[in-house]
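Trainee: Just dropping this structure here.
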Amino acid sequence: MKKKEVAGYMDSKENEKPMLILRDIHKFYGTNEVLKGVSLEVKKGELVTFVGPSGCGKTTLLRLIGGFTDISSGDIILDGQRINDLPPNLRDTRICFQNYALFPHMTVAENVGYGLKINKWPKDKTAARVRELLEMVELEAFGDRMIDKLSGGQQQRVAFARALSLEPKVLLLDEPLSNLDANLRLVMREEIRKLQERLHITTVFVTHDQFEAMAISDRLVVMKDGRIEQVGSPIEIYEKPANEFIAGFVGYVNFMDGRIASIDEKTRDAVIATEYGKIAITLGQDDVKTGDEVLMVIRPESVNILLDCGGNRQNVLCGSLKSYMYAGSIAKCTVTIGDRTMIIDQYNPRDAQHFKHAEQVEVEIPRSVHLLKKKK
Ligand SMILES: Nc1ncnc2c1ncn2[C@@H]1O[C@H](COP(=O)(O)OP(=O)(O)OP(=O)(O)O)[C@@H](O)[C@H]1O
Ligand SMILES: [Mg+2]
């Protein structure tokens, strides 16, 4: 999309001020409580993504923010104003639905200018604004086209331009890319992110695609069953998940049981006793202590896999290679260690021909593993 600014968005320097506050939001459908006390602050210009399994309440939350569904209790504060009781058209929010909800009997320009017309903008000002928006999403040549004569990606851009037409304070995007094929999805997510950053528009994004969420967001909000499980940057969520559910939700994870045998308080070096031997790590967290029963969170790409199983080296366990799936830039390995199965991603698999026939392998556990304290 082009580097043309849209008036209004770049003025504010109050980046740290929360643009949107959700305070203890509950939502009942009949007796079914689908949001169970959701609280969050979203800063101006931030892109926050809600992820979570189907039915956990993501769309319901977006609809509440946009005013399309009544809130049962709690507060929604937009730019300092409580908006609980305002109808959608009086809220400074715009929602972009998964199916785009474009008007099929209107042209691209009419779709983009719809909100302006409803708000009684003068014709010449509307035309100029629509031109500006179409340029921004690189559809300036498509103004007179009917919606059904556009590709999926182009329709997505029209929906995006329409949502931005009245310069909402918060943009709400519910699975905006899910109707696109995989390649276009990648392109569009980059475009959305670039435009969002350039316009500095506060955005709440919903997706069930954890990779899309990690790639596009300033912060992720992981939801489960109507509650927020963890809020953090994509790196925090991936590397320091708060619990097993989150660890398993953002990418694959191998778990290994252990007990913290010792912690050197100065260096934060720790030793984990496991049934396969001792693992030395460097603790990157302070919520565990010596004696705690823990689960080690071992990501497939963090493990080194080596041929043979000879010497007795630190953090190296002996395993049997059960499968080796070579796919060019990566090989997916399944290794059993005792009665535990581990999935290992081997990048740049240069020794593939040897691994294909290997039986015994060495598996090197990294020092950087994250620990989850087991509940007693
Ligand atoms: N209008 C409604 N009436 C009754 N129950 C509803 C209504 N809308 C949603 N629900 C229920 O609320 C829960 C949350 O639904 P929601 O659509 O918010 O989930 P979601 O996280 O967006 O899921 P998905 O990833 O499948 O889109 C679900 O159990 C759903 O069945
Ligand atoms: Mg949904």
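The values are calculated or read from the model by the stated rules, or taken from the named source; none is laboratory data. Every value quoted in this text rests on a predicted model; they were computed, and no experiment measured them. Note that each Cβ is placed from the backbone with ideal geometry, even for glycine, and that neighbours are counted across all protein chains shown. The area values use the complete protein model at the heavy-atom level, side chains included, leaving out ligands, DNA and RNA. Shrake-Rupley method; radii C 1.70, N 1.55, O 1.52, S 1.80 Å.
Trainee: Which number in (1) crowded, with 18+ Cβ neighbours inside 10 Å; (2) within 33 Å of the chain's Cα centre (by Cα); (3) of a type outside the set (D, E, K, R) marks the one condition that Thr336 misses?
Mentor: (1)
Trainee: Moving on to the next point. Of the conditions (1) open to solvent by 30 Å² or more (accessible area, probe 1.4 Å); (2) away from ligand 1 (no atom under 16 Å from the Cβ); (3) closer than 30 Å to Gly319 by Cβ, Gln210 fails just one. Which one is it?
Mentor: (2) is the only condition that Gln210 fails.
Trainee: Answer yes or no as to whether Gly284 is at pLDDT below 95 and either of a type in the set (Ser, Thr, Tyr) or over 30 Å from Glu33 (Cβ atoms) (or both). Quick ask: steps written out before the conclusion?
Mentor: Numbers: at pLDDT below 95: yes; either of a type in the set (Ser, Thr, Tyr) or over 30 Å from Glu33 (Cβ atoms) (or both): yes.
Considered against the rule, which asks whether it is at pLDDT below 95 and either of a type in the set (Ser, Thr, Tyr) or over 30 Å from Glu33 (Cβ atoms) (or both), Gly284 comes out as yes.
Trainee: Taking the stated definitions as given, is Ile228 at pLDDT 95 or above, closer than 30 Å to Lys43 by Cα and among the aliphatic types (A, V, I, L, M)?
Mentor: It is true that Ile228 is at pLDDT 95 or above, closer than 30 Å to Lys43 by Cα and among the aliphatic types (A, V, I, L, M).
Trainee: Right, something else. Listed residues Ala331, Ala358, Ala327; which is open to solvent by 50 Å² or more (accessible area, probe 1.4 Å) and aliphatic (A, V, I, L, M)?
Mentor: Selected residue: Ala327, the only one of Ala331, Ala358, Ala327 that is open to solvent by 50 Å² or more (accessible area, probe 1.4 Å) and aliphatic (A, V, I, L, M).
Trainee: Looking at Val297, Val222 in this structure, which one is assigned to a strand (DSSP E or B), surrounded by 21 or more Cβ atoms within 10 Å (Cβ to Cβ), within 16 Å of ligand 1 (Cβ to nearest atom) and of a type in the set (A, V, I, L, M)?
Mentor: Details: Val297 fails: within 16 Å of ligand 1 (Cβ to nearest atom).
Only one candidate qualifies: Val222.
Trainee: Taking Phe68 as the residue in question, decide whether it is within 16 Å of ligand 2 (Cβ to nearest atom), part of a loop (DSSP other than H, G, I, E, B), modelled with pLDDT under 95 and surrounded by fewer than 21 Cβ atoms within 10 Å (Cβ to Cβ).
Mentor: yes
Trainee: Go through segment 26-58 and give me each residue that's within 16 Å of ligand 2 (Cβ to nearest atom), open to solvent by less than 10 Å² (accessible area, probe 1.4 Å) and touching a helix residue (DSSP H, G or I) at 6+ places or on another chain (Cβ under 8 Å).
Mentor: Matches in segment 26-58: Leu35, Val38, Thr49, Phe50, Val51, Gly52.
Trainee: Shifting gears a bit: Take segment 248-262 and flag every residue that is surrounded by fewer than 19 Cβ atoms within 10 Å (Cβ to Cβ), of a type outside the set (Asp, Glu) and either touching a residue at least 24 places away in the same chain (Cβ under 8 Å) or closer than 18 Å to Lys278 by Cβ (or both). Steps first, please.
Mentor: Filtering segment 248-262 down to residues surrounded by fewer than 19 Cβ atoms within 10 Å (Cβ to Cβ) leaves 248, 251-252, 255, 257, 259, 261-262.
Then drop every residue that is not of a type outside the set (Asp, Glu), which leaves 248, 251-252, 255, 259, 261-262.
Scanning segment 248-262 gives Gly251, Tyr252, Phe255, Arg259, Ala261, Ser262.
Trainee: Right, here's the next one. Could you list all residues from segment 28-50 that are within 9 Å of ligand 1 (Cβ to nearest atom) and under 14 Å from Ile228 (Cα atoms)?
Mentor: Across segment 28-50, the qualifying residues are Val34, Leu35, Phe50.
Trainee: Considering every residue within segment 71-94, establish whether at least one is modelled with pLDDT of 90 or more, within 16 Å of ligand 1 (Cβ to nearest atom), assigned to a loop (DSSP other than H, G, I, E, B) and more than 23 Å from Leu195 (Cβ to Cβ).
Mentor: yes
Trainee: Considering only segment 169-207, state which residues are part of a helix (DSSP H, G or I) and either within 16 Å of ligand 1 (Cβ to nearest atom) or among the basic types (Lys, Arg) (or both).
Mentor: So the first thing to find is which residues in segment 169-207 are part of a helix (DSSP H, G or I), and the list is 182-199.
Residues satisfying the conditions are Arg185, Arg189, Arg193, Lys194, Arg198.
Trainee: Which one of these does Glu135 not meet: (1) of a type outside the set (A, V, I, L, M, F, W, C); (2) without any contact (Cβ under 8 Å) to a residue 60 or more places away in the chain; (3) closer than 21 Å to Val187 by Cα?
Mentor: (2) is the only condition that Glu135 fails.
Trainee: Quick check, is Pro300 closer than 25 Å to Arg185 by Cβ and outside the structural domain of Lys27 (by TED's automatic domain parsing)?
Mentor: yes
Trainee: Output the number of the condition that Asp286 fails; it satisfies all remaining conditions of (1) free of Cβ contacts under 8 Å to residues at least 40 places away in the same chain; (2) under 27 Å from the mean Cα position of the chain (by Cα); (3) part of a strand (DSSP E or B).
Mentor: Checking Asp286 against (1) free of Cβ contacts under 8 Å to residues at least 40 places away in the same chain; (2) under 27 Å from the mean Cα position of the chain (by Cα); (3) part of a strand (DSSP E or B), the one that fails is (3).
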